[in-house]
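Data first, discussion second: the structure below is written as structure tokens.
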Amino acid sequence: APVEIGNWEPSNYGGRYHGQVTLRTAFANSLNSVAVQLSQAVGIEAVINTARQLGVQSELPTVPSLALGSAEVSLLEMTRAFAAIAANAESVEPYVVQTIQRGDEIAFNHYRSSLQPARNQAARAAIRGLLASVVREGTGRAARLTVPSAGKTGTTQENRDAWFIGFT
């Protein structure tokens, strides 16, 4: 349903509303009104805390539009967060270079730290299920592969920017 928070009224793509839908349907089809309602129900601080746990370090304002991605977050941070979800890990530390060799001698070697399993396994499984629905039946259908995959699409007003981030 349409949502109004103060003088802000987020709309769904095409201005259409679908009545009562499951979270899976809302997520798969990027129904903005549902995302905003959910973030309001759990609280913006909880959304920010979850983003922090997944590795997002950018400034995240405590505004209702945060549910729609209104904060600037780097691609590295998004990749880090999605990698943690994909790996079912509490967090993932990104790195650029694994090994540098000088002939047969190793000049540098990045030793990977072991991944800690996510504390809430059920929640992570649910998130992966939502992300899989985006590719299977939602806005990310163009990214379907012959192997199980998951991800999320995003666009800005008038489709000036569009992106997809996902994993197999």
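Taking label points 7 Å from Cα along the Cα-to-Cβ direction, residue 144 and residue 119 give a separation of 3.8 nm. Ordering of 99-108, 16-25, 149-158 by packing is 149-158, 16-25, 99-108, highest average first (other Cβ atoms within 10 Å, averaged per residue).
Spin-label model, residue 59 to residue 5: label points 7 Å out along the Cα-to-beta-carbon direction sit 1.9 nm apart.
Working from Cα pairs under 8 Å separated by at least six residues, relative contact order for the range 87-168 is 19 percent. Legend: calculated FRET efficiency, residue 159 to residue 74, from the Cβ-Cβ distance at R0 = 22 Å, rounded to 0.05, equals 0.55.
For residue 89, the residues whose modelled amide H falls within less than 5 Å of its own, excluding neighbours fewer than 5 places apart on the same chain, are 118. Dividing the mean sequence gap of close Cα pairs (under 8 Å, 6+ apart) by how many residues the range 1-128 holds gives a relative contact order of 16 percent.
Please report how far the C-alpha centroid of the range 129-168 lies from that of the range 49-89, rounded to the nearest whole angstrom. Comparing the Cα centres of the range 129-168 and the range 49-89, I get a distance of 17 Å.
Evaluated with a Cβ-only charge set (Lys, Arg +1; Asp, Glu -1), the range 88-168 carries a dipole of roughly 360 debye about its Cα centre, given to the nearest 20. On the basis of the beta-carbon distance and an R0 of 22 Å, residue 38 and residue 168 show a calculated FRET efficiency of 0.25.
A short reminder: the numbers here are calculations on the coordinates, not readings from a lab. The structure displayed is predicted, hence computed values, not measured ones. As a convention, Cβ positions derive from the backbone with ideal geometry for all residues, glycine included, and neighbour counts pool all protein chains shown.
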